[in-house]
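Just below is one structure, and these are the notes that go with it.
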Amino acid sequence: MPQSDRAATQMPEPPPLHQPRPRQDVPFSQRRFVPRPVVDVHGRRRDVALAAPHPKLQQVAEWLTPAFYVDLGRPCNSACLYCAVPPHEDAQGFLPLAEVASIVAAGAQGQRCDKAILIGGEPTIYPQLNEVLDLLAEQGLSNHVLMTNGLRLGEPGVLGELRARGVATVHLSIDTLDPHTYDLLSRSTGKLAKQVQALQAILRSGDLNCYLYTAVTALNLATLPDLLRGVAKLAQAENVEPPPVILALIKPLGDALRHAEQLLVDPVPAAQRVAELVQLGDSLGIAVGHRNLAACLAPQLVDRNVDYYLDDYSIEVNSGSRLPFSHVEHWFHLPACQECGHRGICPGLYRGNTERFGADAYRPIGNDGLKLA
C-alpha cells in the first residue's frame, strides 16, 4: 500500500451510527417557510482566466451556466453528517409553490439565465416538483440541473419523467462506495445501493449529463481511490465514458462544524491527496476537479479548480439587482493574499479551517496556471 494510502487510513474515531440530525424545537404554529431575499447564480465566464482549461471541466461549467438556483426547502431523505445547508434543520419545510414565480422572474428575466438549478434539502422529494418544472417550461427555460443524493433516481420512471420535463444534468452526490463509510456519513443504514442504482440508471439513459460531487472528509478520504475505480468500472460496464468527479473539501459550517473533530481535513495533506486522486482519475479516464482548495496549496492543480470556471454572484429577488455572492460571508483573505497573482479570482479561505489548522501554509504565488494579460 502506498505511504499516502496508509496515512489516510488512520482516520479519527467515527461518531456512532444513527446519530440523529439536530432539529430545532419550533412550535408547529410557528413553522412557516421564510424565503431567502436573494437568489444565487452560476454565471458563465466569457473568458476563463486559465492558461489551459480542462475541456471536461469546461463542459461541466457549460452544463451549469448561466443558471439560477431554486431552493426547494430543507427537508431531505438523508441526514449527512457534514451538511452545511442553513439552518441545518427541516423546521421551515418546503418552499411554497407560490414563491417560485418571483425566483424565476429574478433569475430568468432579470439575469437572462436559460436554466434553473434545483436544490434543497433533496429536490426529488419536493411534493410539487413537476409543477415547478412545468412553470419553468412555461417561461421558455429548459436543460435544468438537478442537485440530488440520487436515492429516488433508481425508481422506475423517475429519471424519464424528469428528463421529459426539462432536466438535462444530474449533479449526483456520491461520497464513497464503501457501505460502512456511507452509513457513517449519511447517518443511515443500507442506502448506498440506491445511489449506485441511480448512477447506473443515469449512465444507461444515454441522454443525461452527469457529474459526481464528492464531499471530502476525514471519514471517507481513504475510500476515494476505490470510489474512482468503482465509477470507472460502472461506466465500462455500460460502455460509456465515466462522468467527471468533483472533490469538494467540506465547508466548516453547520453540521460539519458540529462534528469537526471527526470530519475536517487539514487542507495541506488534503491538497496532496487531491493531487494523487487527479492523477489516478487521469489513468482511469475520469476528469477529477476540486473545490474549496486554495490555489496556493496546489498550484499544479489550478486547471482543476471548478471555482475558476464559474462566475458566482447573487441577485436580490425584489429588485433584481446584482449582489456579491451570498456565500462570501464565510470566506476571507489574508493580508498576504493582496500580493498573490490569484487574488482576483480565488474565493478565499474558510475561517473555520484556518482557526483549526492555521494559516502558515497559505503564501502568495505568482500567476501559476493563469492566462497572462
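The values are calculated or read from the model by the stated rules, or taken from the named source; none is laboratory data. Please read these numbers as outputs of a predicted model, since none were measured by experiment. No Cβ is skipped: glycine too gets one built from the backbone with ideal geometry, and neighbour counts run over all protein chains shown.
Key figures
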| quantity | calculated |
| --- | --- |
| Conditions (1) in contact with a strand residue (DSSP E or B) (Cβ under 6 Å, 6 or more places away or on another chain); (2) assigned to a loop (DSSP other than H, G, I, E, B); (3) of a type in the set (S, T, N, Q); number of the one not met by Ser142 | (1) |
| Flag if Val302 is surrounded by fewer than 20 Cβ atoms within 10 Å (Cβ to Cβ), under 28 Å from Asn367 (Cβ atoms) and touching a Leu at 6+ places or on another chain (Cβ under 9 Å) | no |
| Search result, residues across the stretch 102-127 that are within 15 Å of Gly166 (Cβ to Cβ) and of a type outside the set (Ser, Thr, Tyr) | Val104, Gly107, Ala108, Cys113, Asp114, Lys115, Ala116, Ile117, Leu118, Pro123 |
| Per-region count, the stretch 309-365, residues more than 28 Å from Ala105 (Cα to Cα), touching a residue at least 60 places away in the same chain (Cβ under 8 Å) and among the polar types (S, T, N, Q) | 1 |
| The lone exception for Asp114 - which of (1) farther than 24 Å from Glu62 by Cβ; (2) at pLDDT below 95; (3) among the acidic types (Asp, Glu) it fails | (1) |
| Subset of the stretch 115-139 (residues that are in a loop (DSSP other than H, G, I, E, B) and surrounded by fewer than 18 Cβ atoms within 10 Å (Cβ to Cβ)) | Pro127, Gln128, Gln139 |
| Qualifying residue in the stretch 157-180 (condition: without any contact (Cβ under 8 Å) to a residue 24 or more places away in the chain, of a type in the set (Ser, Thr, Tyr) and either over 18 Å from Ile202 (Cα atoms) or surrounded by 18 or more Cβ atoms within 10 Å (Cβ to Cβ) (or both)) | no |
| Within the stretch 320-363, considering residues that are part of a helix (DSSP H, G or I) and of a type in the set (Gly, Ala, Ser), the one modelled with the highest pLDDT | Ala336 |
| Tally, over the stretch 276-310, of residues that are assigned to a strand (DSSP E or B) and under 17 Å from Arg343 (Cβ atoms) | 1 |
